[in-house]
Amino acid sequence: MGFTGRAALLAAIGSLPVGLLEPGWTGVLAVNGTLAAACACDFALAAPVRRLRLSRSGDTSVRLGDTAEVTLTVTNATRRPLRGLLRDAWAPSSWPAGTEADASRHVLEVPAGERRRVTTRLRPTRRGDRTPDRVTIRSYGPLGLWTRQGSHHVPWGVRVLPPFHSRKHLPSKLARLRELDGRTSLLTRGEGTEFDSLREYVPGDDTRSIDWRATARQQTVAVRTWRPERDRHVHLVLDTGRTSAGRVGDAPRLDSSMDAALLLAALASKAGDRVGFLAYDRRVRARVQGHTADDLLASLVAVMANLEPELVETDARSLATAALAAAPRRALIVLLTALDRAAVEQGLLPVLGRLTQQHTLLVASVADPHVAEMAKGRGTPEAVYDAASAAQAQQERHHVAEQLRRHGVTVVDATPDDLAPALADAYLALKAAGRL
Amino acid sequence: MTTTASTSTSPTARHLWIRSRGVLLGVVALVVAGIALAATRANDHGPLDPRSPGPNGARAVAEILRGRGVETRVVTTLAEAALAAGPDTTLVVTVPDLLTETQTTALRAATTGTGGRLVLIAPDVSTPALAPGVSADPTPAFAETAGPSCALPAAERAGSAETTGIRYRVASDDADSCYPDEGLPTLVRVPTETPGNPGGDTVVVGAPTFLVNDRLDEHGNASLALNLLGSRPELVWYIPTLADASATTGDEQQGLFDLMPSGWLWAALQLFLAAAVAALWRGRRFGPLVAERLPVVVRASETTEGRARLYHAAKARDRAAEALRTATRLRLAPLTGVPAARAHSPEALLPAVAAHIGDPAQAAGLQELLFGPPPGDDAALVSLADRLDALEREVSRP
């Protein structure tokens, strides 16, 4: 219920007849009485909001950065035409800042007994599930003096999936994988490689791989080709503790780690390995296991959509236990965490032995390009102190990485943009070396 | 897709009634209680009012006087008071100080020479205007009661009474000065006889205590009150109020609004209503705000920056220089073929680095540059950083 700007304007114009023609209570009553009567008329003729029927349809998931369309169907079952405004309210992060007012409001005209659709376009700015708040409709009377307003709760849900920016690296990494895959003989033989087939020798092949017995049977020199082992287990363990909350560039460490994990999962499933996923801080936040290569990525992004950094210290001991429970057989465990000195020395190092005893461990961490930038600061005392502090931080990080390497752990430490390809390369290198 | 159940969140009339009936009940109870209270307190007037039965009222004295044939009337405006003045009338002014200058002059003119009595209860600044020859002393009396010590029959009959409040200085000779407190009287009777109308007088009393219901039966209060107020058959009780129109008179009191044409005023009223409508229009919210849990925003480099500020604030040049030198040594070691483990021993690193730079003079300063003492001031620290950079460039040059 409420006045419109037109009613206020008419009331203001009404001061002219009151002032010039009939100063006194009579004039005031005449002007405002007329206005009130017109408003009452408008109220009676405006379509009632309560008796409208609303329903939704449209997208239920969207990649971060893309646009989702959610359609509202407004059915006017009353005998009065509906003229008005509709606001489809969603959480503020459903739109880029400043565009919410345009994106959520629609002009609505629904003749009596008909239905109309309005489409709200969401462009979420963060991962996670978005649910609509409520639909508010302001219904104008034919004179435009009075409005009826009411809200409806029309449930829906749009899951905003991680963007997977690093999928642009996938083709080149897959090409590299095919190179390993026995179709070229450049592969060096490792302990984990499997015999694939025999083919003709070409100059450049490793002479150690010539199969003399086959050569004797044939007229040409035959070499054995090897292909990397298949059906290995890769377990991605994502640390969602407090160190994953730190922002590097625009996004928290967690998002960069997810991106890298998605690329590795895509690559590993193409390479014929079995991929499992575990998000952990003090308890299991998400888990994906036993999925086939086809629906792996879909289930990964679905569970990643709602992962948020938790402001708790990761319990490394129980994390190791959970990871070991998830990987009963020999596997490559990829731990996406931060190379934070205190966290690693007090948390990870004591449990490292249990993990590396049976499995191959790869630790991937997001480095902060801002620290590298600070380390280059020169010229003013402030900049030099910054540089000294940054150098100190880098040395600590370096030291931590060295400690891990000494335990036989592969360490990947890269800036957010480089982490995904670097992790994929580390995986391919391990695969080529047959260390899975 | 059409749903049959209503999705509306607006409350129905029934919900509104259920939700608001408690509040409504409370409001009704409050209104009823207010009306009941007002009804029981209806005859509770202000202090010194002859209709008021409270401790500070004066109903007791009025009732006793009525029993003796003296009629009491209450007036609140100067016009009524002036009209009532006459030879058969006692006019009591309860708060003379509330009267404006114009009013005191008018009251004085109306009562002088009528042959009636004017009783002023505790006047202070208005004393000289209402009772000529009498003025209030700035220091009040301390004693609660005083003896009459004068020839006024009413006072003599009453004996001691609670009149002590304001003390007066009397200039005229024919005035009766009674109930003195430390030399100055607290009750003064000034005759206002004129040749045509004998018997008129003005009585100034320093305190209202002797009149009020609560104190009437103490000392000689009752006797004094009855004698002072009961000398004429009619008693007019004048309670001055600020709402009296005679308090504000004269052209200079006319406001801005009186000078404006009435059309402007009514148009302004209408505009005010329009502004109220506009406020309601703009104030109407198009649905509530939507709340959302926000993610944590902590830059990962914040601890590093914090440590830099701490270094700076503490002037920790030794630690800063050591960090920079260590970083350079670690970068130089692989360039010069020294194992990383031995990068921090001068014996291993210095000869290897010196071999990479041609200039012997620069090579001599290597010990100080890479392993020297901490710089003495910030400028030295800045230059140390630059020299370390230069050394690294020199060594890494092919």
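The values are calculated or read from the model by the stated rules, or taken from the named source; none is laboratory data. What you see is a predicted model; the values in this text were computed from it and never measured. Every residue, glycine among them, receives a Cβ derived from its backbone with ideal geometry; neighbour counts consider all protein chains shown. When the accessible area is computed, the model is the full protein with side chains, heavy atoms only, and any ligands, DNA or RNA have been set aside. Shrake-Rupley method; radii C 1.70, N 1.55, O 1.52, S 1.80 Å.
Below are the figures for this structure:
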item	result
Taking chain B and dividing mean pair separation by its residue count, relative contact order in percent (alpha carbons under 8 Å, at least six apart)	14
Accessible surface, chain A, averaged per residue in Å² (probe 1.4 Å)	45
Of the DSSP H helices in chain A, those whose Cα atoms cover at least 18 Å axially and whose Kyte score averages 0.5 or more	A:25-45, A:253-270
Efficiency of FRET from Cβ geometry, A:H407 and A:W25, R₀ 60 Å, rounded to 0.05	0.05
Net dipole in debye of chain B [+1 Lys, Arg Cβ; -1 Asp, Glu Cβ; about Cα centre; nearest 20]	2840
Relative contact order %, segment B:56-139, counting alpha carbon pairs below 8 Å whose residues are six or more apart	27
Shielding of B:6-16 by partner chains, average beta-carbon count, 10 Å	5
Cut-off under 5 Å, modelled amide H: who pairs with A:V366 long-range	A:L339
Cα gyration tensor category, rounded, prolate or oblate, for segment A:27-122 with a/c compared to 1.5	oblate
Cβ-based charge dipole, the protein assembly as shown, positive-most Cα from A:W212, A:H106, B:A29	A:W212
Amide N proximity, segment A:324-349 versus A:R317 label position 7 Å along Cα-to-Cβ, cut-off under 14 Å	A:346-349
Label-point gap, in nm, between B:R41 and A:R330 - each point 7 angstrom along Cα→Cβ	9.5
Cα gyration tensor shape of the protein assembly as shown, rounded if a/c is under 1.5, else prolate or oblate by comparing a/b with b/c	prolate
Accessible area buried at the A-B interface, both sides summed, 1.4 Å probe (Å², nearest 100)	5800
About the Cα centre, charge dipole magnitude for segment B:311-396 (Lys/Arg +1, Asp/Glu -1 at Cβ), debye	260
Accessible surface of the protein assembly as shown, 1.4 Å probe, proportion on carbon and sulfur as whole %	56
FRET efficiency, B:R397 to A:T220 (Cβ-Cβ, R0 41 Å, nearest 0.05)	0.20
Ranked by how many other beta carbons lie within 10 Å on average, peptides A:52-62, A:95-105 from highest	A:52-62, A:95-105
Residues with amide H under 5 Å from that of A:E114, placed H, sequence gap 5 or more	A:N76
Cα centroid separation - segment B:308-334 against segment A:1-25, whole Å	76
Amide H contacts under 5 Å for A:L236, placed H, 5+ residues apart	A:G276, A:F277, A:L278, A:V334
Label zone at B:S172, where the point sits 7 Å out along the Cα-to-Cβ direction: segment B:230-244 residues whose backbone N lies under 16 Å	none
Cα-only Debye scattering, segment B:250-325: base-10 log of I(q)/I(0) at q = 0.17 Å⁻¹	-0.89
Principal axis box of segment B:38-171, alpha-carbon based, largest edge first, Å	48, 34, 29
Label-point gap, in nm, between B:F286 and A:R354 - each point 7 angstrom along Cα→Cβ	5.7
Pairwise label distance in nanometres, B:A313 with A:Q289, each label 7 Å out on the Cα-Cβ vector	4.8
Residues along segment B:283-307 losing 50 Å² or more of accessible surface when the other protein chains are present rather than the chain by itself (probe 1.4 Å)	B:R284, B:F286, B:P288, B:V290, B:E292, B:P295, B:V296, B:A300, B:T304, B:R307
Formal net charge of residues neighbouring A:A391 (Cβ-Cβ distance under 13 Å; K, R +1; D, E -1)	+2
Distance from segment A:32-91 to segment B:359-390 (C-alpha centre basis), Å	74
For the protein assembly as shown, with +1 on Lys and Arg beta carbons and -1 on Asp and Glu, the positive-most of A:Q358, A:L86, B:T100 along the dipole	A:Q358
0 to 90° range, to nearest 10: angle between helix B:101-111 axis and chain B longest Cα axis	10
For chain A, alpha-carbon Rg over 2.2 N^0.38 Å	1.47
Modelled label reach - A:D250, point 7 Å along Cα→Cβ, segment A:91-119 residues with backbone N closer than 16 Å	A:93-99
Kirkwood-type radius of chain B, with distances r between different C-alpha atoms, in Å	31.2
Overall form of segment A:366-436 per C-alpha gyration tensor (a/c, 1.5; a/b vs b/c)	oblate
Test item: Cα-centred dipole of the protein assembly as shown, Lys/Arg +1 and Asp/Glu -1 on Cβ, debye	6120
For segment B:354-393: Kirkwood Rh in Å [reciprocal of mean 1/r, alpha carbons]	10.7
Lys/Arg +1, Asp/Glu -1 at C-beta; the protein assembly as shown dipole; positive extreme among B:A320, A:V384, A:A271	A:A271
